[in-house]
1. Suppose R0 equals 51 Å. What FRET efficiency, 1/(1 + (r/R0)^6) with r the Cβ-Cβ distance, do Ser159 and Val90 give to the nearest 0.05?
2. Determine, from the Cβ-Cβ distance of Leu17 and Ile76 and an R0 of 30 Å, the FRET efficiency 1/(1 + (r/R0)^6), rounded to the nearest 0.05.
3. Before anything else, pin down the relative contact order of the stretch 95-154: Cα pairs under 8 Å, at least 6 apart, normalised by residue count, whole percent.
4. Could you give the spread of the C-alpha atoms of the stretch 1-158 along their three principal axes, from largest to smallest, in whole angstroms?
5. List the cysteines of the chain that have no other Cys Cβ closer than 4.7 Å: which are they?
6. Counting pairs of alpha carbon atoms under 8 Å apart in space and at least six apart in sequence, what relative contact order in percent does the chain give?
7. What helices does the chain have that are whole DSSP H segments, at least 20 Å long along their own axis by Cα, and with mean Kyte-Doolittle hydropathy of 0.0 or more?
8. Can you count the Lys pairs in the chain whose Cα atoms are under 20 Å apart, with each pair 8 or more apart or on different chains?
Amino acid sequence: MALSNNVIGAINFAAMLLSIPIIGAGIWLAMEPDNSCVRILQWPVIILGILVLVVALAGFIGGFWRIPWLLIFYLIAMLILIILVASLVVFIYMVTVRGSGEVEPSRAYLEYKLDDFSGWLRRRVQSPYKWDPIRSCLSSTNMCAELNQSYRMAQDFFSAHITPLQSGCCKPPTKCGYTFVNPTYWISPIDNAADMDCLNWNNDQNQLCYNCNSCKAGLLANLKKEWRKADIILLITLVALICVYLIGCCAFRNAKTEDIFRKYKQGYT
């Protein structure tokens, strides 16, 4: 019985370690400038990771100190958490399955359209009361100023692989036909009617294209890329958690069987 309890404790210690990549994924998302402005996914991920840590700690204590009710709590709670993590993995995949950039002639960077993304993501940025604080947050970063420091010549900029957020927010849409002065200053549009964003572009460094749908689309494209990376981490951790949980269930069942067998033998001695 002691050996089985020690095994259960060791397994739950492994589950505690598996909470680290979940919490780490949430912290990484929180540190990304775009996610820090939107604040959608990072806290659910961090909270799930902390819950996995707490439940695994309960199982660890229950295993080594032979507290049956704590082990039962661990088995039930960890199953619920595994279902929640699995649901989150599927949800992230579903809301990020749509949305990809469009290639423009003589441009290395891509252009992004808001309608290409899932309805759930679009609703996070479309309404003014949701977008206004996000826009203010984005404009306070130096992501556009960095372009002016890195690219002086038009051809260098056109050949650059800038981020979706920079493509959508720091410059006008290519179809408008603006003339390059520097990455965040453009003049003489050819076709202002090509897109509503052509009219929303402003050379004021505090405005640029932060009011454009292309900026919202670029933000969602950035989120998609980062959320997909976090989703891979969560998926790998989920598979490991399921394996650890199944091993823990087997060890718990064996411990109960040993306990019943021991009591049975004591009844005949």
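1. Numbers: r = 38 Å, r/R0 = 0.75.
Result of the calculation: an efficiency of 0.85.
2. Using R0 = 30 Å, I get an efficiency of 0.90.
3. 22 percent
4. Principal-axis extents of the stretch 1-158 (Cα, largest first): 73, 32, 29 Å.
5. Lone cysteines by the Cβ rule: Cys243, Cys249, Cys250.
6. Relative contact order comes out at 24 percent.
7. Membrane-span-like by this rule: 2-31, 42-64, 68-95, 213-267.
8. Lysine pair count for the chain: 13.
The values are calculated or read from the model by the stated rules, or taken from the named source; none is laboratory data. Predicted model only: the values in this text are computed from it and were never measured. Cβ coordinates were reconstructed from backbone atoms using ideal geometry, including for glycine residues, and neighbour counts include every protein chain displayed. Ligands, DNA and RNA are stripped out before the accessible areas are found, and what is left, the full protein with its side chains, is counted by its heavy atoms. Shrake-Rupley method; radii C 1.70, N 1.55, O 1.52, S 1.80 Å.
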